[in-house]
1. How far is it, in nm, from the label point at Ile205 to the one at Arg171 when both lie 7 Å from their Cα along the line to the Cβ?
2. Using the basic label-point model (7 angstrom from Cα toward the beta carbon), what is the Lys105 to Leu85 distance in nanometres?
3. As I understand it, the dipole of segment 77-168 uses +1 on the Cβ of Lys and Arg and -1 on the Cβ of Asp and Glu, about the Cα centre. Which of Phe156, Leu92, Pro106 lies farthest toward its positive end?
4. Asp46 to Glu2: extension gain in nm, 0.36 nm per residue of separation minus the Cα-Cα distance?
5. Determine the gain in length on full extension of the stretch Ser141-Val214; use 0.36 nm per residue of separation and subtract their C-alpha separation, reporting nm with one decimal.
6. Let me know the charge dipole size of the chain about its Cα centre in debye, to the nearest 20, where only the beta-carbon of Lys, Arg (+1) and Asp, Glu (-1) is charged.
7. Would you mind calculating the gained length between Asp60 and Arg197 on full extension (0.36 nm times residue separation, minus the Cα-Cα distance), in nm to one decimal?
8. In degrees from 0 to 90, rounded to the nearest 10, what is the angle of the helix 13-25 Cα long axis to the longest principal axis of the chain?
Amino acid sequence: METLRVGVCEDHEPIRRALVRALRQAGHDVVPAHNGREAVALFGSDASLDVIVMDIGLPDADGRDVVRALKSAGQLAPVLFLTALDAVHDKLEGFAAGADDYVVKPFELREVLVRLEVLAARRPAEAVSDRGFVLDPLTHSVRTSRGEVRLSPTEFRMLAAIAARPGQVVRRRTVVAAAWPDGASVSENTIDSYIRRIRTKLDEIESPSGIETVRGVGFRVL
């Protein structure tokens, strides 16, 4: 069995301890984090993680926003969400945030281990591009070397969804699913209005990257 490097973010100590112990007993290398702030610091694109386990209900941030920020910064590792939320719309929001799998608490450790091994095999091997800005899931802000500006939760989710695939066109429906995960009906004018606001905020902090509209298709970060 291949040795994996696994990032585990879980604020509930007994669960985190059990996960870390089970993973290490299975021969894997574990990078534990207690909250969203630690996950952002430890699970960046240079952490060489094969897979991430992320609790949604963190004390300082929504785990889904943490994953959005990590993905937008170039972290490619597949993500397994842990949560007590089992409603369909909660799961859909998790997948829209970048989840690759979803386990509802309470769970069997053996099942988690098997799911992680399957997910690790899907990790893409692509180059990481510099977005020119960093998203902070704790404050819902975006920053560059020139400054920092707050985003609304919707703006944060939209920018994160587009930035997660630099240079690629992200379809409008994908952006809508990330920003309005409950399946809300959103007009084209509303989407474009939010994009304009995001562009204005990126301009405020002199971001070297901006959002391009690909007419009739979607958006991309350039």
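Computed from the coordinates by the stated procedures, all read-outs in this text should not be read as laboratory data. These numbers come from a predicted model, not from an experiment. All Cβ positions, even for glycine, are placed from backbone atoms using ideal geometry, and neighbour counts span all protein chains on display.
1. Inter-label distance under the simple model: 3.0 nm.
2. Using points 7 Å along Cα→Cβ, the separation is 1.3 nm.
3. The residue sitting most towards the positive pole is Phe156.
4. Result: 13.8 nm gained on full extension.
5. So the chain would gain 23.8 nm between Ser141 and Val214.
6. Charge dipole of the chain: 480 debye, to the nearest 20.
7. 46.7 nm
8. That works out to roughly 70 degrees.
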